[in-house]
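The values are calculated or read from the model by the stated rules, or taken from the named source; none is laboratory data. On a predicted model such as this, the values are computed, not experimentally measured, just so you know. Here the Cβ positions follow ideal geometry from the backbone for every residue, glycine too, while neighbour counts run over all protein chains shown. When the accessible area is computed, the model is the full protein with side chains, heavy atoms only, and any ligands, DNA or RNA have been set aside. Shrake-Rupley method; radii C 1.70, N 1.55, O 1.52, S 1.80 Å.
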Amino acid sequence: LQAENLQSRIKAEDIIATARKVNTYFIHKYPDPTQPTFVKKERSSNLWTRSVYYEGLMALYEIDRDTSYIHYTDRWANFHQWAPRNGLNTTNADDQCCEQIYLERYVQSGGPEKIEKVKENLDSQIATGKHTYWTWIDAIQMAMPIYAKYAEITGETKYLDYAMKCYRWSRDSLAGGLFNEKDGLWWRDKDYVAPYKESDGKDCYWSRGNGWVYAALVKVLQTLRKDDQTSRLLKKDFIQMSKALLKCQRQDGFWNPSLVSSSYEGPETSGTSLFLYGMSWGLQNSILKGKSYRQACDKAWKAIK
């Protein structure tokens, strides 16, 4: 037993060492986090792509308390004045993703300046009375956890209620519903629902997009009581997705870019990583049970490492 514990600890240390190495590379490549990004065109550094990186950095900080992570994050957030991209009245989930990090830093160290503009932005969107903003499934990851986390922090349920209305609209109403309950997977947006087919005649379920939804369900569920009605609904969707993902994992542990189709067939790391994250959380929290999920996680881990 002691040998097993030692082996587990060594493996954990190896994983953290790799995470540090990757993060060090990123920080050295982008030493000034205030500078705009440039991929085909210049964009503010609090856009969604950079915000997703900070989500990962905050998760790393939870297990590796290196204060340099916080200095790098706060330099970025202070520069952007703890505000969403493109102004306080934005309703674009890609602009709002950075607010997840602001909320995380508030939980870690306090400071009302970290969440004042988050509240203003969320209140502005709620005041529109519309729930039709999340027209692509990535938006569920970019924005929904913000509302859920803010509701948890403040105890004000109106934020979670609003997020659930947006979620249900995307899930059940947009183009007939982007969640195909029969298959347990999501179409990316209205352009990919049936009768759209891939070249092999199968439906198109984008790997990374489904990964975004899967991860968002994990994040939101973490803010809820297990006996909460909303928790039960989201847990049901999470389990349904998990069953579907088991069926379409490749033998090599990856998932295809188009999950159930041979179009663009090949290993896809981003979706695979998100599925591994979600399934591992499901197993750790006894939401997913059975050898099949553990085997799927083991295969995915071997594939991406």
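Table for the structure above
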read-out: Looking only at the range 53-66, and only at residues there that are open to solvent by less than 40 Å² (accessible area, probe 1.4 Å) and of a type in the set (A, V, I, L, M), the one that is nearest to Val39 (Cα to Cα); value: Leu57
read-out: Leading residue by the ranking (farthest from Ser199 (Cα to Cα)) among those in the range 258-283 that are within 18 Å of the chain's Cα centre (by Cα) and open to solvent by 40 Å² or more (accessible area, probe 1.4 Å); value: Leu283
read-out: Hits in the range 51-76 (condition: among the basic types (Lys, Arg) and in contact (Cβ under 8 Å) with a residue 24 or more places away in the chain); value: Arg75
read-out: Residues located in the range 153-194, provided they are open to solvent by less than 10 Å² (accessible area, probe 1.4 Å), closer than 21 Å to Asn92 by Cα and not hydroxyl-bearing (Ser, Thr, Tyr); value: Ala163, Met164, Cys166, Gly177, Leu178, Trp186
read-out: Conditions (1) open to solvent by less than 30 Å² (accessible area, probe 1.4 Å); (2) not in a loop (DSSP other than H, G, I, E, B): number failed by Lys235; value: (1)
read-out: Filtered residue count, the range 120-152, keeping only those that are buried (at least 16 other Cβ atoms within 10 Å of the Cβ) and in a helix (DSSP H, G or I); value: 19
read-out: Some residue of the range 217-225 being in contact with a Gly (Cβ under 9 Å, 6 or more places away or on another chain) and not polar (S, T, N, Q); value: yes
read-out: So Gln251, is it part of a helix (DSSP H, G or I) and open to solvent by 30 Å² or more (accessible area, probe 1.4 Å); value: no
read-out: Residue match in the range 79-87 (condition: part of a helix (DSSP H, G or I) and open to solvent by less than 50 Å² (accessible area, probe 1.4 Å)); value: no
read-out: Test for Gln35: is it open to solvent by 50 Å² or more (accessible area, probe 1.4 Å), outside any helix (DSSP H, G or I) and touching a Lys or Arg at 6+ places or on another chain (Cβ under 8 Å); value: no
read-out: Output for the range 88-99, where each listed residue is surrounded by fewer than 22 Cβ atoms within 10 Å (Cβ to Cβ) and of a type in the set (S, T, N, Q); value: Asn89, Thr90, Thr91, Asn92
read-out: Top-ranked residue of the range 195-207 - restricted to ones that are under 15 Å from Leu259 (Cα atoms) and free of Cβ contacts under 8 Å to residues at least 40 places away in the same chain, ranked as most open to solvent (accessible area, probe 1.4 Å); value: Lys197
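Quick grid of which residues meet (1) at pLDDT below 95; (2) open to solvent by 80 Å² or more (accessible area, probe 1.4 Å); (3) in a helix (DSSP H, G or I):
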site: Glu4; (1), (2), (3): yes, yes, yes
site: Arg20; (1), (2), (3): no, yes, yes
site: Thr24; (1), (2), (3): no, no, yes
site: Ser68; (1), (2), (3): no, no, yes
site: Gln108; (1), (2), (3): no, no, yes
